[in-house]
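The values are calculated or read from the model by the stated rules, or taken from the named source; none is laboratory data. Bear in mind that the values here come from a model prediction, so they are computed numbers and not experimental data. Neighbour counts run over all protein chains shown; Cβ positions are idealised from the backbone, glycine included.
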Amino acid sequence: MKSNINPPIVLVDKCTGCGLCFEVCPCFVFEITQKTSCVVRDDWCIGCGHCGAVCPEEAISFSTPTIERHPQPNVHSAHSPETLALFLRERRSIRLYQREPIPQDILRQILGAGQHAPTGRNSQNVRYVVLQSPDEIEQLRRMTLTFYEKMFSRIKSPLGAFVLSLIAGRRIVESLRESLPKMEYARKLIEQGKDCLFYHAPVVVIAHAESWDTCSAFNCSTALYNCSLMAQTLRVGCCFNGYLVSAVNHDRKIKRWLNVPHDHLSFAAMTLGYQKITFQALIERTSPRVQWR
């Protein structure tokens, strides 16, 4: 959880009492008294910075976070709806990577995009493990494959399947059983040198956060999706990897090896690399399933 939060300070000589800080604050930190904004519940502040970002008079000050004025005043969006819609449609899961390493400054730029994703209660609790070493990626790949070999061997046994259904649930066991033919085929390809797990990606990223925080799943998923969009602008391909997430969370050896704290879970993971191919067409998706009320 976020700690050592510095609450906002109202610069009275600048404040006009417009009340915008009071309106946008999610935690009831402000009151408007005598036509001036006052911080009355500073211990309730979560440090989101909304108040400073909305103030037209720059009358809100922080020690942290710092407020950076918008580089394009009066511009409401960096993209038109049409441009953004096209950008989102262009994003594809990439499973064919070049072996070329991704420079550190590019990786920092990609992870920096996750920094601006929303988090519940502004907890900003997302942590990353970034593997760039081919040897370490290979070791993680082997450990993950070993985990799944054990898992699928249990599925083949009636007793093992029954025990697993008690732990994970019947529907999950049924889903794993349906995946058996695909897994057997993937194993043959792996034996021939094809990487059906990480696709020979030069970078693997795991996002994790506190298991007890009900916002952690959302926080990690949203942060890593932000990273994927930044990667796309930098011509770096990515592919989310649920197989790795499950392995990290259910294999203590893998979790310890990654130095993921015992009270954390991985909620998202992905591979990264310069893509070998360029998609030439846009694919339609299923229309939103909406219940209009």
- Task: Could you identify the single residue in 149, 210 that is in contact with an Asp or Glu (Cβ under 9 Å, 6 or more places away or on another chain), at pLDDT 85 or above and of a type in the set (Asp, Glu)?
- Result: 210
- State which residue is nearest to residue 215 (Cα to Cα) when the search covers only region 1-55 and only residues that are of a type in the set (Ser, Thr, Tyr) and part of a loop (DSSP other than H, G, I, E, B). 3
- Check 162, 147, 152 and return the single one that is assigned to a helix (DSSP H, G or I), out of contact with any strand residue (DSSP E or B) (no Cβ under 7 Å at 6 or more places or on another chain), under 19 Å from residue 270 (Cα atoms) and among the hydrophobic types (A, V, I, L, M, F, W, C). 147
- Item | Answer residue from region 246-293, given it is of a type in the set (Ser, Thr, Tyr) and crowded, with 18+ Cβ neighbours inside 10 Å and is modelled with the lowest pLDDT among those | 246
